[in-house]
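Heads up: the structure comes next, in structure tokens.
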Amino acid sequence: MRIIDLRGKTLTRAELLAAMPRAEMGTDEASEIVQPILDNVKKNGAAALREYAEKFDHIVPKSLRVPQDVIDAAVASLDPEVRAAIEESVRRARAVAKSQVPKDFHTDLAPGARVAERWIPIQRVGLYVPGGKAVYPSSVIMNVVPAQAAGVESLAVATPPSRDSKEGWPNKTILATCAILGVDEVYAVGGAQAIAMFAYGATDVDNPQSPVLCEPVDKITGPGNIFVATAKRLVSGIVGIDAVAGPTEIAILADKTAKPGFVAADLIGQAEHDELAGSVLITDDEQLADEVQAELKKRVPRTEHAQRVATSLSGKQSGIILTDSLEQSIDAANAYAAEHLEVQTADPDAVIAKIHNAGAIFRGDYSPVPLGDYMSGSNHVLPTSGTARFAAGLGVHTFMKPVEVIEYDEQGLKELAAKVNAFAVSEDLPAHGESVLTRFIDDPYNKSTIIEQEEEAGLR
């Protein structure tokens with residue numbers, strides 16, 4: 001891994017941000033590929049989806065919507081040990097999600113003057129579950145559980161056809177996870193075309209018995225490759241999205257007390273995702289850095305995806321950041337704003353208290369990132385590419401929207417009427433004030449007598 005040496009340097013905030021290792025996204029080039037896909041699906045619906053299935057997945061599913069009997073068969077054939085692991089993951093995720101549900105509240109500002117806030121579930125959500133180098137039943141759990149806890153009425157899952165299915169059905173473990181969670185609307189559609197289907201809906205002229213294949217959704221969530229991320233960015237505004245995710249990443253903030261083998265194994269685990277995955281060690285201990293490098297040399301060749309891991313660890317998005325002190329390490333961690341931040345230090349609580357920017361924080365030697373990927377109860381859909389500086393991970397709040405309810409009675413409004421009118425006039429929006437005054441005076445449009453009318457009505 002390359003070394004980024006910050007020792008002996010006093011950097012401005014801009015310089016520190018620029019020093020952080022990042023992958024290059026290449027979204028401009030992806031947009032040129034993705035936009036025609038979106039346009040084609042919007043215009044031609046299911047016909048376009050079949051066209052792209054043949055082009056990109058090299059198979060056209062027997063049915064774009066996965067039949068219920070196929071979903072049921074997947075859960076029936078699931079390995080009992082895997083099923084037990086999935087069910088435990090669901091149980092823990094549901095427990096955390098239940099605690100996340102925000103509560104309605106109201107504030108009484110004066111007699112007859114109340115502002116309340118309601119949290120309302122989004123009605124229909126499209127959940128994307130990626131395929132590619134790995135399959136992600138865990139992503140089904142991470143998206144579906146908080147949506148269900150929020151009270152979303154309608155959930156649809158899209159995931160690519162599996163290479164192992166002659167019929168073009170998605171991965172069986174993904175289908176089984178949907179069944180365990182009670183999701184029955186599943187589509188064998190992947191990539192940017194799945195995002196287009198969710199955003200615009202899709203009709204199927206070849207199926208006159210059921211011409212509507214998929215109704216449009218209100219929000220799309222879930223991770224994906226650069227084409228999925230670009231598609232989400234392009235449809236944002238037509239529908240809501242959780243985030244435009246970049247390559248996954250880990251930062252490990254460690255001091256001399258950290259165990260080099262643990263650190264190396266965790267860097268490798270994140271690098272396994274993708275050649276563009278970022279693995280970053282931030283430390284003020286040069287000896288630890290050397291020991292981690294030595295551990296990597298021993299461990300990388302022995303892991304199954306050694307080439308992928310080696311490419312990731314040697315890329316510009318990965319590296320070891322050397323600092324002068326623990327405080328400078330904390331500054332670097334806040335600048336990097338990792339999707340996953342592990343804290344392996346002598347006093348992790350003191351460090352965590354100073355962390356402002358991270359998608360999720362993993363405290364201590366025995367809270368590695370894979371625990372969060374699968375079974376900690378936390379959510380693994382997290383902000384990437386430094387966006388944890390202003391964004392949060394996926395949760396129940398992602399699937400709800402706060403709506404204020406304003407309730408004033410006659411007396412409550414009367415106390416403010418003259419003040420509202422004065423404010424409105426100051427903004428050159430007199431009709432705003434007239435809207436309020438008309439409830440209490442005879443002629444709010446007669447500006448020459450407005451003060452007298454207000455006094456007579458008891459507004460002053």
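The values are calculated or read from the model by the stated rules, or taken from the named source; none is laboratory data. This is a predicted model, so every value here is computed, not measured. Heads up, the Cβs are rebuilt from the backbone with ideal geometry, glycines too, and the neighbour counts pull from every protein chain shown. The accessibility values were calculated without ligands, DNA or RNA, using every heavy atom of the protein model including side chains. Shrake-Rupley method; radii C 1.70, N 1.55, O 1.52, S 1.80 Å.
Counting only Cα atoms, the size of the stretch 252-342 along its three principal axes is 36, 23, 18 Å, in decreasing order.
Given the stretch 238-286, report the % of alpha carbon pairs whose separation exceeds 19 Å. Here the long-distance tail beyond 19 Å is 39 percent of all Cα pairs in the stretch 238-286. Here, P(r) means the percent of Cα pairs in each 5 Å bin from 0 to the largest distance; for the stretch 44-116 it is 3, 11, 10, 8, 10, 11, 11, 11, 7, 6, 6, 5, 2, 0. Each 5 Å bin, from zero up to the one with the longest distance, holds this percent of the alpha carbon pairs of the stretch 346-442: 2, 10, 12, 12, 11, 5, 4, 7, 9, 10, 8, 7, 3, 1, 0.
Per residue, the accessible area of the stretch 291-331 comes to 52 Å², computed with a 1.4 Å probe over protein heavy atoms only. Each principal axis of the stretch 317-398 carries a Cα extent, and these read 39, 26, 24 Å when sorted largest first. Quick one: dipole size for the stretch 165-242, taken about the Cα centre, charges +1 on Lys/Arg Cβ and -1 on Asp/Glu Cβ, in debye to the nearest 20. Value, rounded to 20: 340 debye. Calculate, for N44 and S77, the FRET efficiency according to 1/(1 + (r/R0)^6) with r their C-beta to C-beta distance and R0 51 Å; round to the nearest 0.05. After rounding, the FRET efficiency stands at 0.90.
Once the other residues with Cβ under 12 Å from the Cβ of S154 are scored (Lys, Arg +1; Asp, Glu -1), what is the net sum? Result for the neighbourhood of S154: -3.
Which stretch or stretches of the stretch 152-185 have amide N atoms under 18 Å from the point lying 7 Å from A85's Cα along the Cα→Cβ direction? Taking a point 7 Å out along Cα→Cβ of A85, the residues of the stretch 152-185 whose backbone N falls under 18 Å are 171-181. Mind checking the log10 I(q)/I(0) for the stretch 268-321 at q = 0.14, 0.22, 0.23, 0.31 Å⁻¹? Debye, one equal scatterer per Cα, no solvent, two decimals. For the stretch 268-321 at q = 0.14, 0.22, 0.23, 0.31 Å⁻¹, log10 I(q)/I(0) is -0.33, -0.78, -0.84, -1.23. With bins 10 Å wide starting at 0, give me the P(r) of the stretch 162-220 over every alpha carbon pair, in whole percents. Reading the bins upward from 0: 20, 42, 37, 1. Scaling the Cα radius of gyration of the stretch 44-203 by the globular reference 2.2 N^0.38 Å produces a ratio of 1.24.
Taking all Cα-Cα distances within the stretch 21-71, those exceeding 13 Å account for 69%. Candidates Y445, F423, S329 compared by Cα position along the dipole of the stretch 316-460: farthest toward the positive end lies S329, with charges placed on Cβ. Amide hydrogen proximity for I241: with H placed 1.01 Å from N in the peptide plane, the residues at 5 or more positions away or on another chain lying under 5 Å are I220. The equivalent ellipsoid of the chain has semi-axes of 45, 34, 21 Å, largest first, where each one is the square root of 5 times an eigenvalue of the Cα gyration tensor. Between the residues T10, A48, S63, the greatest Cα displacement towards the positive end of the dipole of the stretch 1-71, with unit charges on the Cβ of Lys, Arg, Asp and Glu, is found for T10.
When the alpha carbon gyration tensor of the stretch 1-139 is reduced to an equivalent ellipsoid, its three semi-axes come out at 36, 33, 24 angstrom, largest first.
Using only alpha carbons, the stretch 174-322 has a radius of gyration to Kirkwood radius ratio (Rg to Rh) of 1.15. The value given for the stretch 109-256 is a Kirkwood hydrodynamic radius of 16.8 Å, derived from the mean inverse Cα-Cα separation. For N446, the shell of other residues with beta-carbons less than 11 Å away shows a net charge of -3, using +1 for Lys and Arg and -1 for Asp and Glu.
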